[in-house]
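The values are calculated or read from the model by the stated rules, or taken from the named source; none is laboratory data. No experiment lies behind these values; they were computed from the predicted model shown. As a convention, Cβ positions derive from the backbone with ideal geometry for all residues, glycine included, and neighbour counts pool all protein chains shown. When the accessible area is computed, the model is the full protein with side chains, heavy atoms only, and any ligands, DNA or RNA have been set aside. Shrake-Rupley method; radii C 1.70, N 1.55, O 1.52, S 1.80 Å.
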Amino acid sequence: MSEEKPIIVLENVCKYFGNFKALTDVNLTVQKGARIVVCGPSGSGKSTMIRCINRLEEHDSGRIIVAGNELTDAVKNIDAVRREVGMVFQSFNLFPHLKVVDNLTLALKLVRKVGKPEAREIATRYLERVHIPDQADKYPSQLSGGQQQRVAIARALCMNPEVMLFDEPTSALDPEMISEVLDVMTELAEEGMTMICVTHEMGFARSVADQIAFMDAGEIVEIAPPSEFFQNPRSERTKLFLSQILSH
Amino acid sequence: MIFEFGLIFGSIPKMLTGLGLTLQLLLLSSFIGLVLAVITLLMRISGRWFLVAPAVVYIYIFRGTPILVQIFVIYYGLPQFEFIREGVFWPFLREPFWCCILALSLNAGAYVSEILRGGVLGVDKGAQEAASALGISKTQSFIYITTPIAIRLSLPAYSNDIISMTKATALASTVTLLDMTGVARTIVAQTFAPYEIFISAAIIYMVIAWMVQKGFGMLERRMSRYIKATR
(Lines give C-alpha, C1' and ligand atoms only; values in the text may rest on other atoms or scores of the structure.)
Protein backbone atom coordinates (compact mmCIF):
# COMPACT_ATOMS: atom_id res chain seq x y z
CA MET A 1 0.00 0.00 0.00
CA SER A 2 2.57 2.47 1.12
CA GLU A 3 4.63 1.59 -1.91
CA GLU A 4 1.98 3.11 -4.10
CA LYS A 5 2.03 6.35 -2.19
CA PRO A 6 5.15 8.28 -3.14
CA ILE A 7 7.29 9.56 -0.28
CA ILE A 8 8.32 12.74 -2.11
CA VAL A 9 6.32 14.65 -4.67
CA LEU A 10 7.48 17.83 -6.40
CA GLU A 11 4.81 19.50 -8.53
CA ASN A 12 5.70 22.37 -10.84
CA VAL A 13 8.27 23.69 -8.39
CA CYS A 14 9.80 27.05 -9.29
CA LYS A 15 12.50 28.88 -7.41
CA TYR A 16 14.08 32.26 -8.00
CA PHE A 17 17.27 33.76 -6.64
CA GLY A 18 16.52 37.43 -7.27
CA ASN A 19 15.80 37.57 -10.99
CA PHE A 20 17.55 34.32 -11.73
CA LYS A 21 15.20 31.40 -12.18
CA ALA A 22 16.96 28.49 -10.50
CA LEU A 23 14.17 25.93 -10.89
CA THR A 24 11.56 25.85 -13.64
CA ASP A 25 8.51 23.65 -13.22
CA VAL A 26 10.32 20.77 -11.62
CA ASN A 27 8.24 17.63 -11.31
CA LEU A 28 9.56 14.61 -9.50
CA THR A 29 7.92 11.64 -7.82
CA VAL A 30 9.98 9.47 -5.52
CA GLN A 31 8.66 6.10 -4.34
CA LYS A 32 9.77 4.56 -1.10
CA GLY A 33 13.01 2.68 -1.63
CA ALA A 34 13.84 4.53 -4.83
CA ARG A 35 17.43 5.50 -5.53
CA ILE A 36 17.59 8.57 -7.70
CA VAL A 37 20.79 10.11 -8.95
CA VAL A 38 20.62 13.69 -10.12
CA CYS A 39 23.28 14.92 -12.49
CA GLY A 40 23.83 17.88 -14.74
CA PRO A 41 26.18 20.80 -15.30
CA SER A 42 26.99 23.11 -12.44
CA GLY A 43 24.42 25.81 -11.92
CA SER A 44 21.68 23.61 -13.34
CA GLY A 45 19.66 23.60 -10.10
CA LYS A 46 20.51 20.13 -8.77
CA SER A 47 21.51 21.28 -5.31
CA THR A 48 18.73 23.85 -5.19
CA MET A 49 16.18 21.16 -5.93
CA ILE A 50 17.26 18.82 -3.16
CA ARG A 51 17.71 21.71 -0.75
CA CYS A 52 14.08 22.63 -1.38
CA ILE A 53 13.04 19.14 -0.31
CA ASN A 54 14.06 19.79 3.30
CA ARG A 55 13.35 23.50 3.15
CA LEU A 56 16.94 24.72 3.31
CA GLU A 57 15.69 26.74 0.35
CA GLU A 58 12.13 27.96 0.03
CA HIS A 59 10.42 27.33 -3.29
CA ASP A 60 8.44 30.19 -4.78
CA SER A 61 5.65 28.27 -6.43
CA GLY A 62 4.48 24.73 -6.96
CA ARG A 63 4.06 22.08 -4.27
CA ILE A 64 6.48 19.89 -2.36
CA ILE A 65 5.03 17.07 -0.31
CA VAL A 66 7.29 14.88 1.79
CA ALA A 67 5.89 11.88 3.64
CA GLY A 68 2.44 13.42 3.52
CA ASN A 69 3.51 16.85 4.77
CA GLU A 70 3.27 19.75 2.38
CA LEU A 71 6.11 22.23 2.77
CA THR A 72 4.70 25.65 3.52
CA ASP A 73 5.66 28.36 5.98
CA ALA A 74 4.19 26.21 8.75
CA VAL A 75 7.05 25.41 11.12
CA LYS A 76 5.26 22.26 12.22
CA ASN A 77 5.36 20.85 8.71
CA ILE A 78 8.97 21.85 8.19
CA ASP A 79 9.90 20.06 11.41
CA ALA A 80 7.90 17.03 10.37
CA VAL A 81 9.66 16.89 7.00
CA ARG A 82 13.09 17.32 8.55
CA ARG A 83 12.39 14.41 10.85
CA GLU A 84 11.93 12.20 7.80
CA VAL A 85 14.76 13.55 5.69
CA GLY A 86 18.47 13.26 6.37
CA MET A 87 20.99 15.30 4.47
CA VAL A 88 24.67 14.99 3.62
CA PHE A 89 26.52 18.02 2.30
CA GLN A 90 29.42 18.50 -0.07
CA SER A 91 31.53 20.17 2.60
CA PHE A 92 30.51 17.73 5.39
CA ASN A 93 29.30 20.56 7.67
CA LEU A 94 30.19 18.74 10.86
CA PHE A 95 30.03 20.69 14.10
CA PRO A 96 33.75 21.49 14.42
CA HIS A 97 33.71 22.14 18.17
CA LEU A 98 32.12 18.81 19.06
CA LYS A 99 33.69 15.39 19.16
CA VAL A 100 32.49 12.89 16.57
CA VAL A 101 30.19 11.14 19.00
CA ASP A 102 28.70 14.47 20.13
CA ASN A 103 28.14 15.43 16.51
CA LEU A 104 25.96 12.34 16.30
CA THR A 105 24.15 12.68 19.61
CA LEU A 106 23.38 16.43 19.58
CA ALA A 107 20.23 16.23 17.48
CA LEU A 108 19.18 12.99 19.19
CA LYS A 109 19.24 14.80 22.51
CA LEU A 110 17.79 18.13 21.36
CA VAL A 111 15.23 16.98 18.81
CA ARG A 112 14.37 13.40 19.70
CA LYS A 113 14.85 13.98 23.46
CA VAL A 114 16.82 10.76 23.77
CA GLY A 115 18.73 10.28 27.05
CA LYS A 116 22.50 10.51 27.07
CA PRO A 117 23.40 6.82 27.42
CA GLU A 118 20.90 5.77 24.79
CA ALA A 119 22.04 8.51 22.41
CA ARG A 120 25.62 7.34 22.81
CA GLU A 121 24.54 3.78 22.08
CA ILE A 122 22.75 4.82 18.90
CA ALA A 123 25.74 6.90 17.84
CA THR A 124 28.12 3.98 18.35
CA ARG A 125 25.85 1.72 16.31
CA TYR A 126 25.86 4.11 13.35
CA LEU A 127 29.59 4.77 13.59
CA GLU A 128 30.05 1.02 13.29
CA ARG A 129 27.78 1.04 10.29
CA VAL A 130 30.03 3.55 8.52
CA HIS A 131 33.10 1.61 9.69
CA ILE A 132 34.67 4.19 12.03
CA PRO A 133 33.65 3.24 15.59
CA ASP A 134 37.19 3.93 16.81
CA GLN A 135 37.01 7.64 15.89
CA ALA A 136 34.17 8.47 18.29
CA ASP A 137 36.20 10.60 20.68
CA LYS A 138 38.15 12.59 18.11
CA TYR A 139 37.33 16.03 16.78
CA PRO A 140 36.28 16.29 13.12
CA SER A 141 39.48 18.14 12.25
CA GLN A 142 41.47 15.09 13.29
CA LEU A 143 39.81 12.92 10.64
CA SER A 144 40.41 12.59 6.91
CA GLY A 145 37.85 13.99 4.49
CA GLY A 146 36.45 10.55 3.76
CA GLN A 147 36.06 9.82 7.46
CA GLN A 148 34.42 13.18 8.06
CA GLN A 149 31.90 12.55 5.32
CA ARG A 150 31.12 9.13 6.81
CA VAL A 151 30.57 10.81 10.18
CA ALA A 152 28.18 13.18 8.43
CA ILE A 153 26.31 10.22 6.94
CA ALA A 154 26.15 8.52 10.34
CA ARG A 155 24.93 11.75 11.92
CA ALA A 156 22.03 11.91 9.48
CA LEU A 157 21.25 8.20 9.88
CA CYS A 158 21.05 8.51 13.67
CA MET A 159 17.79 10.39 13.26
CA ASN A 160 16.40 7.34 11.49
CA PRO A 161 15.21 9.21 8.38
CA GLU A 162 12.97 7.76 5.69
CA VAL A 163 14.90 9.51 2.95
CA MET A 164 18.53 10.53 2.57
CA LEU A 165 19.56 13.49 0.43
CA PHE A 166 23.16 13.64 -0.75
CA ASP A 167 24.41 16.93 -2.15
CA GLU A 168 27.59 16.09 -4.07
CA PRO A 169 28.93 14.06 -1.15
CA THR A 170 32.23 13.18 -2.81
CA SER A 171 33.02 16.39 -4.68
CA ALA A 172 35.18 17.83 -1.90
CA LEU A 173 37.13 14.62 -1.36
CA ASP A 174 40.57 13.59 -2.46
CA PRO A 175 40.28 10.84 -5.08
CA GLU A 176 41.53 8.06 -2.80
CA MET A 177 38.74 8.74 -0.31
CA ILE A 178 35.84 8.76 -2.71
CA SER A 179 35.33 5.03 -2.75
CA GLU A 180 35.07 4.66 1.04
CA VAL A 181 32.15 7.10 0.99
CA LEU A 182 30.52 5.57 -2.08
CA ASP A 183 30.84 2.12 -0.47
CA VAL A 184 28.87 3.30 2.54
CA MET A 185 26.24 4.83 0.27
CA THR A 186 26.00 1.65 -1.77
CA GLU A 187 25.48 -0.36 1.43
CA LEU A 188 22.72 2.03 2.41
CA ALA A 189 21.07 1.60 -0.96
CA GLU A 190 21.26 -2.16 -0.62
CA GLU A 191 19.52 -1.94 2.72
CA GLY A 192 16.61 -0.26 0.97
CA MET A 193 17.13 3.37 1.96
CA THR A 194 15.28 5.85 -0.20
CA MET A 195 17.87 8.23 -1.54
CA ILE A 196 18.28 11.19 -3.82
CA CYS A 197 21.85 11.83 -4.69
CA VAL A 198 23.38 14.70 -6.60
CA THR A 199 26.69 13.40 -7.89
CA HIS A 200 29.09 13.33 -10.79
CA GLU A 201 30.13 9.77 -9.99
CA MET A 202 28.70 8.06 -13.03
CA GLY A 203 30.00 4.64 -12.00
CA PHE A 204 28.00 4.92 -8.80
CA ALA A 205 24.98 6.16 -10.75
CA ARG A 206 25.16 3.23 -13.11
CA SER A 207 25.44 0.59 -10.43
CA VAL A 208 23.21 1.97 -7.69
CA ALA A 209 20.55 4.25 -9.17
CA ASP A 210 17.26 2.99 -10.41
CA GLN A 211 16.54 6.36 -12.02
CA ILE A 212 18.92 9.04 -13.25
CA ALA A 213 17.59 12.56 -13.57
CA PHE A 214 19.44 14.96 -15.80
CA MET A 215 19.00 18.65 -15.01
CA ASP A 216 19.95 21.64 -17.09
CA ALA A 217 19.05 25.31 -16.66
CA GLY A 218 16.71 24.61 -13.77
CA GLU A 219 14.72 21.90 -15.49
CA ILE A 220 14.64 18.15 -15.26
CA VAL A 221 15.39 17.44 -18.92
CA GLU A 222 15.26 13.71 -18.75
CA ILE A 223 14.72 11.00 -16.19
CA ALA A 224 15.35 7.36 -17.01
CA PRO A 225 16.79 4.10 -15.67
CA PRO A 226 20.62 3.99 -15.97
CA SER A 227 20.80 1.58 -18.90
CA GLU A 228 18.47 3.70 -20.98
CA PHE A 229 20.00 6.95 -19.75
CA PHE A 230 23.53 6.02 -20.77
CA GLN A 231 22.73 4.08 -23.94
CA ASN A 232 19.81 5.95 -25.39
CA PRO A 233 19.67 9.49 -24.05
CA ARG A 234 16.72 11.18 -25.70
CA SER A 235 17.61 14.81 -25.34
CA GLU A 236 20.45 16.54 -27.17
CA ARG A 237 21.45 18.29 -23.97
CA THR A 238 21.83 14.97 -22.19
CA LYS A 239 23.92 13.60 -25.03
CA LEU A 240 26.19 16.63 -24.92
CA PHE A 241 26.58 16.38 -21.15
CA LEU A 242 27.36 12.67 -21.29
CA SER A 243 29.91 13.17 -24.04
CA GLN A 244 31.58 15.83 -21.93
CA ILE A 245 31.82 13.82 -18.73
CA LEU A 246 32.50 10.41 -20.25
CA SER A 247 35.05 11.54 -22.81
CA HIS A 248 38.07 10.76 -20.65
CA MET B 1 67.82 65.85 36.96
CA ILE B 2 68.37 62.92 39.25
CA PHE B 3 66.59 59.72 38.39
CA GLU B 4 66.07 57.53 41.42
CA PHE B 5 65.56 53.87 40.63
CA GLY B 6 65.07 53.23 44.32
CA LEU B 7 61.99 55.41 44.28
CA ILE B 8 60.42 53.43 41.42
CA PHE B 9 60.48 50.20 43.39
CA GLY B 10 60.08 51.89 46.74
CA SER B 11 56.75 53.38 45.72
CA ILE B 12 55.29 50.16 44.36
CA PRO B 13 53.92 49.05 47.76
CA LYS B 14 52.13 52.39 48.17
CA MET B 15 50.83 52.13 44.64
CA LEU B 16 49.37 48.75 45.48
CA THR B 17 46.94 50.45 47.88
CA GLY B 18 45.19 51.67 44.72
CA LEU B 19 45.34 48.28 43.07
CA GLY B 20 42.17 47.05 44.78
CA LEU B 21 40.12 49.90 43.36
CA THR B 22 41.64 49.47 39.90
CA LEU B 23 40.76 45.78 39.93
CA GLN B 24 37.26 46.48 41.22
CA LEU B 25 36.68 48.94 38.40
CA LEU B 26 38.08 46.50 35.88
CA LEU B 27 36.25 43.36 37.00
CA LEU B 28 32.91 44.97 37.74
CA SER B 29 32.71 46.98 34.53
CA SER B 30 33.98 44.07 32.43
CA PHE B 31 31.24 41.90 33.85
CA ILE B 32 28.44 44.45 33.47
CA GLY B 33 29.86 45.37 30.07
CA LEU B 34 29.73 41.76 28.96
CA VAL B 35 26.10 41.42 30.03
CA LEU B 36 25.25 44.64 28.15
CA ALA B 37 27.23 43.40 25.16
CA VAL B 38 25.29 40.14 24.95
CA ILE B 39 21.96 41.97 25.21
CA THR B 40 23.06 44.48 22.58
CA LEU B 41 24.31 41.70 20.32
CA LEU B 42 21.00 39.84 20.54
CA MET B 43 19.16 43.06 19.71
CA ARG B 44 21.55 43.78 16.86
CA ILE B 45 21.09 40.38 15.21
CA SER B 46 17.38 40.05 15.99
CA GLY B 47 16.45 41.41 12.58
CA ARG B 48 13.72 43.58 14.13
CA TRP B 49 14.22 47.28 13.45
CA PHE B 50 12.89 48.43 16.82
CA LEU B 51 15.56 46.34 18.53
CA VAL B 52 18.30 46.87 15.97
CA ALA B 53 17.99 50.67 15.86
CA PRO B 54 18.56 51.39 19.59
CA ALA B 55 21.47 48.94 19.63
CA VAL B 56 23.11 50.61 16.65
CA VAL B 57 22.64 54.09 18.15
CA TYR B 58 24.04 52.97 21.50
CA ILE B 59 27.09 51.39 19.88
CA TYR B 60 27.63 54.43 17.70
CA ILE B 61 27.51 56.88 20.59
CA PHE B 62 29.78 54.95 22.93
CA ARG B 63 32.33 53.98 20.34
CA GLY B 64 32.35 57.44 18.88
CA THR B 65 33.16 59.41 22.04
CA PRO B 66 36.16 59.31 24.42
CA ILE B 67 35.64 57.47 27.70
CA LEU B 68 36.95 60.51 29.53
CA VAL B 69 34.18 62.62 28.03
CA GLN B 70 31.63 59.94 28.96
CA ILE B 71 32.88 59.92 32.54
CA PHE B 72 32.67 63.72 32.73
CA VAL B 73 29.18 63.78 31.22
CA ILE B 74 27.97 61.21 33.71
CA TYR B 75 29.78 62.60 36.76
CA TYR B 76 29.47 66.37 36.18
CA GLY B 77 26.61 66.48 33.70
CA LEU B 78 23.89 64.26 35.11
CA PRO B 79 23.65 65.98 38.55
CA GLN B 80 22.61 69.14 36.71
CA PHE B 81 19.21 67.60 36.25
CA GLU B 82 16.72 67.87 39.05
CA PHE B 83 15.06 64.55 38.22
CA ILE B 84 18.41 62.75 38.44
CA ARG B 85 19.14 64.24 41.85
CA GLU B 86 15.73 63.19 43.07
CA GLY B 87 15.68 59.89 41.24
CA VAL B 88 16.20 56.42 42.69
CA PHE B 89 19.66 56.14 41.18
CA TRP B 90 21.01 59.26 42.87
CA PRO B 91 22.71 57.36 45.71
CA PHE B 92 24.75 55.65 42.97
CA LEU B 93 25.16 58.51 40.55
CA ARG B 94 26.55 60.85 43.17
CA GLU B 95 29.37 58.41 43.85
CA PRO B 96 32.33 58.87 41.48
CA PHE B 97 32.97 55.11 41.74
CA TRP B 98 29.58 54.19 40.29
CA CYS B 99 29.83 56.92 37.67
CA CYS B 100 33.06 55.33 36.48
CA ILE B 101 31.55 51.86 36.56
CA LEU B 102 28.62 53.15 34.50
CA ALA B 103 30.82 54.83 31.90
CA LEU B 104 33.28 51.93 31.62
CA SER B 105 30.49 49.35 31.45
CA LEU B 106 28.56 51.20 28.78
CA ASN B 107 31.75 51.61 26.83
CA ALA B 108 32.73 47.97 27.15
CA GLY B 109 29.18 46.92 26.25
CA ALA B 110 29.36 48.81 22.96
CA TYR B 111 32.80 47.54 21.99
CA VAL B 112 32.35 43.96 23.13
CA SER B 113 28.99 43.57 21.40
CA GLU B 114 30.69 44.40 18.12
CA ILE B 115 33.48 41.93 18.91
CA LEU B 116 30.90 39.22 19.61
CA ARG B 117 28.99 40.11 16.46
CA GLY B 118 32.17 39.56 14.49
CA GLY B 119 32.43 36.14 16.14
CA VAL B 120 28.83 35.24 15.33
CA LEU B 121 29.23 36.32 11.70
CA GLY B 122 32.40 34.25 11.49
CA VAL B 123 30.63 30.98 12.29
CA ASP B 124 30.47 28.79 9.21
CA LYS B 125 26.97 28.72 7.70
CA GLY B 126 27.39 25.06 6.83
CA ALA B 127 27.24 23.89 10.43
CA GLN B 128 24.05 25.87 10.95
CA GLU B 129 22.50 24.39 7.83
CA ALA B 130 23.42 20.92 8.99
CA ALA B 131 21.70 21.68 12.30
CA SER B 132 18.56 22.88 10.51
CA ALA B 133 18.56 19.77 8.35
CA LEU B 134 18.67 17.65 11.52
CA GLY B 135 15.60 19.46 12.82
CA ILE B 136 17.47 21.49 15.44
CA SER B 137 15.63 24.77 16.03
CA LYS B 138 17.15 28.19 15.36
CA THR B 139 17.38 28.93 19.09
CA GLN B 140 18.99 25.58 19.91
CA SER B 141 21.37 26.01 17.03
CA PHE B 142 22.36 29.45 18.32
CA ILE B 143 23.00 28.09 21.81
CA TYR B 144 24.77 24.83 20.99
CA ILE B 145 26.58 25.64 17.75
CA THR B 146 26.90 29.35 17.05
CA THR B 147 27.68 30.47 20.61
CA PRO B 148 30.60 28.17 21.44
CA ILE B 149 32.24 28.73 18.06
CA ALA B 150 31.64 32.49 18.18
CA ILE B 151 33.12 32.74 21.68
CA ARG B 152 36.33 31.15 20.51
CA LEU B 153 36.48 33.39 17.46
CA SER B 154 35.92 36.46 19.66
CA LEU B 155 38.50 35.67 22.31
CA PRO B 156 41.59 37.36 20.83
CA ALA B 157 39.75 40.64 20.24
CA TYR B 158 38.01 40.34 23.59
CA SER B 159 41.25 39.94 25.51
CA ASN B 160 42.50 43.01 23.68
CA ASP B 161 39.46 44.91 24.90
CA ILE B 162 39.99 43.83 28.51
CA ILE B 163 43.55 45.13 28.33
CA SER B 164 42.24 48.45 26.98
CA MET B 165 39.76 48.50 29.86
CA THR B 166 42.55 47.92 32.36
CA LYS B 167 44.17 51.10 31.18
CA ALA B 168 40.91 53.00 30.84
CA THR B 169 40.30 52.51 34.57
CA ALA B 170 43.10 55.07 35.09
CA LEU B 171 40.61 57.73 34.02
CA ALA B 172 38.82 57.18 37.32
CA SER B 173 41.57 59.28 38.90
CA THR B 174 40.13 62.32 37.10
CA VAL B 175 36.99 62.19 39.21
CA THR B 176 38.74 62.03 42.59
CA LEU B 177 39.04 58.26 42.85
CA LEU B 178 42.20 56.84 44.38
CA ASP B 179 42.80 54.01 41.99
CA MET B 180 46.42 53.27 41.13
CA THR B 181 46.77 56.33 38.96
CA GLY B 182 44.98 58.39 41.59
CA VAL B 183 47.42 57.17 44.24
CA ALA B 184 50.32 57.87 41.90
CA ARG B 185 49.16 61.45 41.40
CA THR B 186 48.88 61.93 45.14
CA ILE B 187 52.41 60.62 45.67
CA VAL B 188 53.72 62.84 42.88
CA ALA B 189 52.14 65.84 44.58
CA GLN B 190 54.03 64.94 47.75
CA THR B 191 57.39 63.92 46.28
CA PHE B 192 57.59 65.99 43.08
CA ALA B 193 59.07 62.94 41.36
CA PRO B 194 56.68 62.36 38.43
CA TYR B 195 58.98 60.12 36.40
CA GLU B 196 59.73 57.53 39.02
CA ILE B 197 56.22 57.38 40.42
CA PHE B 198 54.41 57.12 37.08
CA ILE B 199 56.94 54.56 35.84
CA SER B 200 56.22 52.55 38.92
CA ALA B 201 52.48 52.78 38.15
CA ALA B 202 53.18 51.82 34.54
CA ILE B 203 55.02 48.71 35.70
CA ILE B 204 52.02 47.52 37.68
CA TYR B 205 49.67 48.16 34.75
CA MET B 206 51.98 46.15 32.54
CA VAL B 207 51.96 43.27 34.99
CA ILE B 208 48.14 43.27 35.02
CA ALA B 209 48.04 43.44 31.22
CA TRP B 210 50.53 40.59 31.04
CA MET B 211 48.40 38.45 33.34
CA VAL B 212 45.23 39.21 31.35
CA GLN B 213 47.03 38.31 28.14
CA LYS B 214 48.40 35.06 29.59
CA GLY B 215 45.04 34.13 31.06
CA PHE B 216 43.22 34.61 27.78
CA GLY B 217 46.01 32.86 25.93
CA MET B 218 45.44 29.78 28.07
CA LEU B 219 41.68 29.99 27.61
CA GLU B 220 42.13 30.34 23.88
CA ARG B 221 44.37 27.30 23.66
CA ARG B 222 41.88 25.31 25.68
CA MET B 223 38.98 26.35 23.49
CA SER B 224 40.93 25.73 20.29
CA ARG B 225 41.71 22.11 21.03
CA TYR B 226 39.40 21.07 18.24
CA ILE B 227 41.26 23.08 15.63
CA LYS B 228 44.84 22.40 16.57
CA ALA B 229 44.81 18.91 15.19
CA THR B 230 44.58 19.92 11.54
CA ARG B 231 47.37 22.37 11.08
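With all protein chains present, how much of the accessible area of the range A:114-197 (probe radius 1.4 Å) comes from carbon and sulfur, to the nearest whole percent? Mind dumping the intermediate values first?
Working: 1470 of 3300 Å².
Percent of accessible area from carbon and sulfur atoms in the range A:114-197: 45.
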- Query: Once the dipole of the range B:5-229 is set up with Lys and Arg at +1 and Asp and Glu at -1 on Cβ about the Cα centre, which of B:101, B:13, B:149 lies farthest towards its positive end?
  - Reply: B:149
- residue A:87's amide H: which non-local residues (gap 5+, or another chain) put their own amide H closer than 5 Å, with H modeled 1.01 Å from N in plane and none for Pro or chain starts? A:165
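May I ask you to list the GluC sites (Glu not before Pro) in the range A:179-217 that are in a DSSP loop and have at most 13 other Cβ atoms within 10 Å of their Cβ? Present the calculation step by step, with values, prior to reporting the outcome.
Values: sites: A:180, A:187, A:190, A:191, A:201; in loops: A:191, A:201.
Filter output for the range A:179-217: A:191.
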- Task: Name the residue farthest towards the positive end of the dipole of the range A:4-139 from the options A:133, A:48, A:69, assuming +1 on Cβ of Lys and Arg, -1 on Cβ of Asp and Glu, about the Cα centre.
- Result: A:133
- Message: With 16 Å as the cut-off, how large is the P(r) tail for the range A:1-111, expressed as percent of Cα-Cα pairs?
- Response: 65 percent
- Answer rounded, prolate or oblate for the range A:66-131, using the Cα gyration tensor with square roots of eigenvalues a ≥ b ≥ c: rounded when a/c is under 1.5, else prolate when a/b is larger than b/c, else oblate. prolate
- Query: Across all directions of projection, what mean area in square nanometres is found for the Cα convex hull of the range A:150-232?
  - Reply: 6.1 nm²
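For chain A, what proportion of DSSP beta bridges, expressed in % and rounded to the nearest 5, is antiparallel?
On the way: 19 of 36 bridges.
Of the beta bridges lying entirely in chain A, close to 55 percent run antiparallel.
Interface size between chain A and chain B, please: total buried accessible area, 1.4 Å probe, rounded to the nearest 100 Å². Write out the running numbers ahead of the final one.
Working: alone 11730 and 13530 Å², together 23330 Å².
That pair hides around 1900 Å² of surface in total.
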- Item | Mean projected area (nm²) of the alpha-carbon convex hull when chain B is viewed from all directions | 17.2 nm²
- Message: Just want the answer: with Cβ charges of +1 for Lys and Arg and -1 for Asp and Glu, which residue in B:61, B:188, B:216 is farthest toward the dipole's positive end in the range B:5-229?
- Response: B:216
- Taking Rh as the Kirkwood radius computed over alpha-carbon pairs of chain A and applying Stokes-Einstein at 37 °C with viscosity 0.692 mPa s, one gets a diffusion coefficient in µm² s⁻¹ of 176 µm²/s
- Please report, in whole Å, how far the alpha carbons of the range B:153-223 spread along each principal axis, starting with the longest. 48, 23, 13
- Note on the structure: One finds the C-alpha centres of the range B:60-79 and the range A:211-248 to be spaced, in Å, by 69 Å
- Item | Charge dipole (debye, nearest 20) of the range B:78-230; +1 at Cβ of Lys and Arg, -1 at Cβ of Asp and Glu | 560 debye
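How large is the helix-only mean residue ellipticity at 222 nm for the protein assembly as shown, computed as the sum of -39500 (n - 2.57) over DSSP H runs with n ≥ 4, divided by its residue count, in deg cm²/dmol to the nearest 500? All intermediate terms of the calculation are to be shown ahead of the outcome.
Numbers: 22 runs with 274 residues, N = 479.
Only helices count here, giving -18000 deg cm²/dmol.
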- Quote the charge dipole size of the range A:66-225 about the Cα centre in Debye, to the nearest 20; the model charges only the Cβ of Lys and Arg (+1) and of Asp and Glu (-1). 940 debye
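Past the 24 Å Cα-Cα mark, which pairs from A:32/A:239; A:46/A:239; A:99/B:214; B:14/B:167; A:5/B:138; A:46/A:109? The partial results should precede the final answer.
Working: A:32/A:239 29 Å; A:46/A:239 18 Å; A:99/B:214 27 Å; B:14/B:167 19 Å; A:5/B:138 32 Å; A:46/A:109 32 Å.
Beyond 24 Å: A:32/A:239; A:99/B:214; A:5/B:138; A:46/A:109.
When the accessible area of the range B:5-229 is split by element with a 1.4 Å probe, what percent falls to carbon and sulfur?
Values: 8380 of 11760 Å².
C and S fraction of accessible area: 71 percent.
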- Note on the structure: By the DSSP-based rule, helices of chain B that are at least 27 Å long along the axis (C-alpha) and have a mean Kyte score of at least 0.5 are B:12-44, B:96-122, B:194-223
- Message: Which residues, if any, in the range A:102-130 lose at least 20 square angstrom of accessible heavy-atom surface (probe 1.4 Å) when the other protein chains sit next to their chain rather than the chain being alone?
- Response: A:106, A:107, A:110, A:111
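For the range B:1-71, which trypsin sites (Lys or Arg not before Pro) are in a loop by DSSP, counting at most 10 other Cβ atoms within 10 Å? Walk me through the numbers before you get to the answer.
Details: sites: B:14, B:44, B:48, B:63; in loops: B:48.
Answer by residue number: B:48.
Leaving out ligands and nucleic acids, note down the accessible area per residue over chain A with a 1.4 angstrom probe, in whole Å².
On the way: 10780 Å² over 248 residues.
For chain A, the solvent-accessible area averages 43 Å² per residue.
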- Expressed per residue, the solvent accessible area of chain B in Å² (1.4 Å probe) is about 54 Å²
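Roughly how many debye, to the nearest 20, is the charge dipole of the protein assembly as shown about its Cα centre, given +1 on each Lys and Arg Cβ, -1 on each Asp and Glu Cβ, and no other charges? Mind dumping the intermediate values first?
Working: 45 positive and 45 negative charges, 285 e Å.
That gives the protein assembly as shown a dipole magnitude of about 1360 debye.
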- Residue-ordered couplings for the range A:87-99, obtained by feeding phi - 60° into the Karplus form 6.51 cos²θ - 1.76 cosθ + 1.60 and rounding to whole Hz (Gly and Pro as x), are 9, 10, 9, 4, 9, 6, 6, 6, 7, x, 8, 10, 5
- Shape of the protein assembly as shown, Cα gyration tensor, a/c cut at 1.5: prolate
- Item | aspartates and glutamates with Cα under 18 Å of residue A:113, excluding same-chain neighbours fewer than 8 positions away | A:79, A:84, A:102, A:121
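Restricting everything to alpha-carbon atoms, can you work out Rg to Rh for the range A:32-171 with a Kirkwood hydrodynamic radius?
Result: Rg/Rh = 0.98.
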- Loop trypsin sites (Lys or Arg not before Pro), the range A:179-248, which have at most 13 other Cβ atoms in a 10 Å radius of their Cβ (DSSP): A:234
